[in-house]
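The values are calculated or read from the model by the stated rules, or taken from the named source; none is laboratory data. No experiment lies behind these values; they were computed from the predicted model shown. Every residue, glycine as well, gets a Cβ built from its backbone with ideal geometry; the counts of neighbours run over all protein chains shown.
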Amino acid sequence: MSLLAVGTVAIDTIETPQGKVDRVVGGAATYIAWGASYFTKDIRIVSIIGEDFPQSELELLKKRGVDTSGIHLVKGGKSFFWAGKYHQDLNTRDTLETQLNVLGDFDPVIPDEYKKSKYLMLGNLTPSVQKAVLDQMKTRPEIIAMDTMNFWMDTAMDELKEVISRVDLLTINDEEARQLSGEHSLAKAARAILRMGPRYLIIKKGEHGALLFDNNNVFFAPALPLYEVFDPTGAGDTFAGGMMGYLAGAGEIHFENLKRAIITGSAMASFCVEKFSIDRLKELSQEDIEDRLDEFVKLVHFEL
């Protein structure tokens, strides 16, 4: 089943307590595609890059079954760039530099062959861009998922709520859920957000796992305790990629499959943080993934 990811393909400079890397590959769509590529092969990306983005990285994506023809290359342009430094706890970070560069003029044009994609993942972009993507789809995907952040809640709440009303699955963190809903209790927050339109809501809690809600059910997916975390950058997008890749591979959308999907996403995110950038995602085997999923099963299994 075809999966379309719309989001950033970027260059990052990252510093954590484990070290520092300069000008490595990043961006939401990059992580989504890598996370999904272990579960489905019909993946498409729509994004924008400058001439400074390494073509070798696009070739690696192609080898993973990712169609990169929807990535627009601006000749003479520079790719979106972000630099950040993580604190000792790795839960907080300081943005040192943000350069929009070609992303500042990003007006996504969805290729005709992409407009009937069965699954759509809208990365964290301005609500107007997310809306423009939805308006271009010829047929409604079987599931539309989107990510967003508190910045858009501060600056474009009305437009954000309009986009939320058109999607099936929203992923946000606990702080954002409280801001969007005006409720402190996450259960009440979920109820309020589901009334805005989505069928499903995932509230991410970082190292404390994630909660999946629909109107009748709640499921908790734990985060795997890791001995060492090198780089949390892209973990949320890798989570989304693993989740959407699993759903696209399974071909069925219901709560039980979504439970399996967010465990799969959690497993992929746990790999992502083990090295800088996408380095760990590049070297995984199916056996690695199966073993990690078994660890998640053992983590939560018990009998009464």
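In region 124-154, the residue that is farthest from residue 172 (Cα to Cα) out of those that are in a helix (DSSP H, G or I) and polar (S, T, N, Q) is 136.
One line per residue, one yes/no per condition, for (1) surrounded by fewer than 15 Cβ atoms within 10 Å (Cβ to Cβ); (2) out of contact with any helix residue (DSSP H, G or I) (no Cβ under 8 Å at 6 or more places or on another chain):
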{"site": "122", "(1), (2)": "no, no"}
{"site": "130", "(1), (2)": "no, no"}
{"site": "142", "(1), (2)": "no, yes"}
{"site": "182", "(1), (2)": "yes, no"}
{"site": "185", "(1), (2)": "yes, yes"}
{"site": "190", "(1), (2)": "no, no"}
{"site": "218", "(1), (2)": "yes, no"}
{"site": "237", "(1), (2)": "no, no"}
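Exactly one condition in (1) closer than 21 Å to residue 236 by Cβ; (2) buried (at least 19 other Cβ atoms within 10 Å of the Cβ) is false for residue 100; which is it? Failing condition for residue 100: (2). Residue 121 passes all but one of (1) in a helix (DSSP H, G or I); (2) touching a residue at least 60 places away in the same chain (Cβ under 8 Å); (3) within 22 Å of residue 233 (Cα to Cα); (4) aliphatic (A, V, I, L, M); which number fails? Failed condition: (1). With respect to residue 14, is the statement that it is touching an Asp or Glu at 6+ places or on another chain (Cβ under 7 Å) and modelled with pLDDT of 95 or more true? So residue 14 fits the description; yes.
Scan 185, 277, 270 and give me the residue that is touching a strand residue (DSSP E or B) at 6+ places or on another chain (Cβ under 9 Å) and closer than 26 Å to residue 93 by Cα. First the steps, then the outcome.
Details: 185 fails: touching a strand residue (DSSP E or B) at 6+ places or on another chain (Cβ under 9 Å); 270 fails: touching a strand residue (DSSP E or B) at 6+ places or on another chain (Cβ under 9 Å).
One residue alone meets the criteria, 277.
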